[in-house]
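Notes to accompany the following structure.
The values are calculated or read from the model by the stated rules, or taken from the named source; none is laboratory data. If you're wondering where the values come from, they're calculated on a predicted model, not measured in any experiment. As a convention, Cβ positions derive from the backbone with ideal geometry for all residues, glycine included, and neighbour counts pool all protein chains shown.
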Amino acid sequence: MSYMKGDLLTRTRKLVKGLAKAEPSWLKAMERMTAFNPPPARVFGCRVLELKEEGVSEEEAMAVANMEYRAEKKAKRTAYARLKQITRLQGKKLPPNPYPSAIKEIQAEERKYIRDRFFDPKILKIVEKMKEEKAAVMQDRIRGGGW
């Protein structure tokens, strides 16, 4: 199939959108995979490697990549600030931040697990058992005269 231009995903998307082909079951999964945003550290490292391949020294490459990263982050921040201004002027509900920090995203994902540890009966049983074991060890130390 070397005569086809573009990758399989793009071609299939065009055919499905044009109603020339039924939507395959793997299309949505592939679209989710292409929507993946790599972590900033990976983007930074790749940019440094690209610059080094072009013959730039490592220190200069890191400085340029850092400058580009900061400029991109500042542009995203200002774009979101402008979006908030526009929605306030229109009297609409503020949109969620499309560029939240990675730490806040991870904390949001783990929040439900943190709550579970206080209310899940299985976890509460495990905690109670650990407390009993710790109390038993302390009793043995007291009876045995220390260590």
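Scanning the range 76-85 for residues that are among the hydrophobic types (A, V, I, L, M, F, W, C) and surrounded by 11 or more Cβ atoms within 10 Å (Cβ to Cβ), which turns out farthest from PRO39 (Cα to Cα)?
Per the stated criteria, the residue is LEU83.
Where the second residue is modelled with pLDDT of 80 or more and basic (Lys, Arg) and the first is part of a loop (DSSP other than H, G, I, E, B) and lies in the range 89-117, which pairs have Cβ atoms under 7 Å and are six or more apart or on separate chains?
Filtered contacts from the range 89-117: LEU94/LYS84; TYR99/LYS76.
Which count do you get for residues in the range 32-48 that are at pLDDT below 75 and surrounded by 12 or more Cβ atoms within 10 Å (Cβ to Cβ)?
Residues flagged as at pLDDT below 75 and surrounded by 12 or more Cβ atoms within 10 Å (Cβ to Cβ) within the range 32-48 amount to 0.
Determine if the range 89-106 includes at least one residue that is exposed (fewer than 10 other Cβ atoms within 10 Å of the Cβ), β-branched (Val, Ile, Thr) and out of contact with any Phe, Trp or Tyr (no Cβ under 6 Å at 6 or more places or on another chain).
Taking every residue of the range 89-106 in turn, at least one turns out to be exposed (fewer than 10 other Cβ atoms within 10 Å of the Cβ), β-branched (Val, Ile, Thr) and out of contact with any Phe, Trp or Tyr (no Cβ under 6 Å at 6 or more places or on another chain).
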